[in-house]
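Heads up: the structure comes next, in structure tokens.
Bear in mind that the values in this text are calculations on the coordinates, not laboratory data. Not measured: the values here are computed from a predicted model. Methodologically, a virtual Cβ is constructed for each residue, glycine included, from the backbone with ideal geometry; neighbour enumeration extends over all protein chains shown.
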Amino acid sequence: MDHSTHPTHLSSVAAMAWSGFALAAVVPGVIWCARRSPLWERVSLPPGVAMPLLVLLHAWVVLGGPVGLEPAAGPFVTEPVLLVGAVLFWVPVVARTRHRLSDAGRCLYLFLAAPLLDLPAVGVIATGHSAEGIAMIVAMLPLSIAAAVLTWSWVNQEERLATAADGWPLPVPGGDPHA
């Protein structure tokens, strides 16, 4: 019998999707809207601490249940802790603090974090809960999209700066730049 429409199954898929989407899109969106707040300077951690912290918290939240490490209160404890970790993770990318990453650093930070944060979802898939794991991976795609957008923006900015420093306009494809 196919249990894919069982209400408990659907709610766990939705919960995994929401958890991943909150981490990858909602938290950075909220921080971006309040990016000038002095609060971020107070809670900012170095990126070398913030990323491993989020990766470990995320693994604990996602895999804690199957391996018996989930607290008795379950998601009422783990989800707020994960959201705090997500805030600490995104602050060096979005907010202007003493720990703000350079453009290249932000690209590397996000591109490194994306597969590390997907590993627990792969573990969920390996335990036989493929719908939940895939829902989380798909819901966390905004993190990878942000990395790609930041990279594209950074490359274009560097190209404009290099062109301005040379005093030449951007070359026209197929055209003679000296004409």
Mean Cβ count within 10 Å, highest first, over the residues of peptides 16-27, 152-163: 16-27, 152-163
Spin-label model distance (nm) - R160 vs S130, 7 Å beyond Cα toward Cβ: 4.6
Phi to ³J(HN,Hα) by Karplus 6.51 cos²θ - 1.76 cosθ + 1.60 over segment 39-49, Hz, x for Gly, Pro: 4, 5, 5, 6, 9, 5, 10, x, x, x, 9
Relative contact order for segment 11-161, counting Cα pairs under 8 Å that sit 6 or more residues apart, in percent: 37
Phi-based couplings in Hz for segment 114-123 (Karplus 6.51, -1.76, 1.60; Gly and Pro marked x): 4, x, 5, 6, 7, 4, x, 5, 5, x
Gain in span if fully extended, W32 to S11, counting 0.36 nm per residue against the direct Cα distance: 4.6 nm
Karplus (6.51, -1.76, 1.60) ³J(HN,Hα), θ = phi - 60°, over segment 146-152, in Hz, Gly and Pro reported as x: 4, 4, 5, 5, 4, 5, 4
Gain in span if fully extended, V43 to V122, counting 0.36 nm per residue against the direct Cα distance: 25.4 nm
Centroid-to-centroid separation of segment 92-109 and segment 16-38 [C-alpha atoms, Å]: 15
